[in-house]
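Student: Have a look at this one before I ask anything.
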Amino acid sequence: AATPLSELAVGERGVVRAVRCPRPVRRRLLELGLLPGTPVQVLRRAPLGDPIELRVGAYSLTLRRDEACHVKVRR
């Protein structure tokens, strides 16, 4: 079952399954490397839980929680 990326705990890993959101946001997330099949890891969260820092391939990416909830991952 696919889980929203925003629900992964710090240190947890997953593989992107789908990006489901309005077209302009979806395009941006895909351009940032969140393509289906891409492994991701949650590195850390800001004190209030937003934003979320991720490891995507060889680089770090920071997303807002409302963007991360549109990315579905397999744990």
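Only the coordinates and a few stated rules stand behind these numbers; no lab work does. Predicted, not measured: the structure shown is a model, and the values here were computed from it. So basically every Cβ, Gly included, is an ideal-geometry build from the backbone, and we count neighbours across all protein chains shown.
Student: For LEU54, are the conditions met, namely being crowded, with 17+ Cβ neighbours inside 10 Å and outside any helix (DSSP H, G or I)?
Tutor: Here the answer is yes, as LEU54 does meet what is asked.
Student: Quick one: is ARG13 of a type in the set (D, E, K, R) and farther than 16 Å from ARG75 by Cβ?
Tutor: no
Student: Examine the range 35-47 for a residue that is part of a helix (DSSP H, G or I) and surrounded by 15 or more Cβ atoms within 10 Å (Cβ to Cβ), and state whether such a residue exists.
Tutor: No, the conditions are met nowhere in the range 35-47.
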